[in-house]
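The values are calculated or read from the model by the stated rules, or taken from the named source; none is laboratory data. What you see is a predicted model; the values in this text were computed from it and never measured. Neighbour counts are summed over all protein chains in view; Cβ atoms, including those assigned to glycine, are modelled from backbone coordinates with ideal geometry. Heads up: the accessible areas ignore ligands, DNA and RNA and are worked out on the full protein's heavy atoms, side chains in. Shrake-Rupley method; radii C 1.70, N 1.55, O 1.52, S 1.80 Å.
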Amino acid sequence: AQVWMALNDPETLKQSIPGCQLLERSGDNAFLATAKLKIGPISSTFKGSVQLTDIDAPHGYTIRGSGEGGIAGFARGTTRVDLHPDDEGTRLLYVVQAEIGGKIAQLGARLIDAVMKKISQEFFANFSRALEHAETSAPEASVGRQGVDVG
């Protein structure tokens, strides 16, 4: 339950998204987002939207996002997140698919794949730290400790 709540909390998500400058609710299961990202030699601020779909509370959902980075180009992506309780807490599994265009697309598929993997790993590492911080600052949360395994 704690992991599911954190996955739906805009402030936790903002802290978890690498380079996130803005994440605000724009409707039911929808957010506006701004993130500054460096992809290879290109650094740009992407502005876009995030939509939560295929919601199966408290087991998982799909995150669909798109953003424009000016002359750098655009990025669109889908991440499926699934939560599975286990003996040690909660295992969080995810699958990311991304599409890019514009100047960043010229960097090559291997570099883009490596950057997307790094951004995903940073997000879930930050998310895990945010959960651990929430547990230590809220006594009732530490009773049933839940961890996040990323894979």
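Here are a few things to note about the model shown:
- Over the chain, accessible surface divided per residue gives 57 Å², non-protein components excluded, 1.4 Å probe.
- Available extension along the chain between T62 and R25 is 11.7 nm, counting 0.36 nm per residue and deducting the alpha carbon span.
- In degrees, nearest ten, helix 109-137 long axis to first principal axis of the chain (Cα): 30
- Dipole magnitude of the chain, debye to nearest 20 (Cβ charges: Lys/Arg +1, Asp/Glu -1, about Cα centre): 880
- Whole-Hz ³J(HN,Hα) from phi, Karplus 6.51 cos²θ - 1.76 cosθ + 1.60, for the stretch 4-20, glycine and proline x: 4, 4, 5, 5, 10, 9, x, 5, 5, 5, 4, 5, 8, 6, x, x, 5
- Coupling constants for the stretch 47-63 follow from the phi torsions by the Karplus curve (6.51 cos²θ - 1.76 cosθ + 1.60, θ = phi - 60°), and in residue order they are 10, x, 10, 10, 10, 8, 10, 6, 6, 10, 5, x, 9, x, 6, 10, 9 Hz; glycine and proline get x.
- With N as its number of residues, the chain has a Cα radius of gyration that, divided by 2.2 N^0.38 Å, comes to 1.07.
- Within the accessible area of the chain (1.4 Å probe), percent carbon and sulfur: 53
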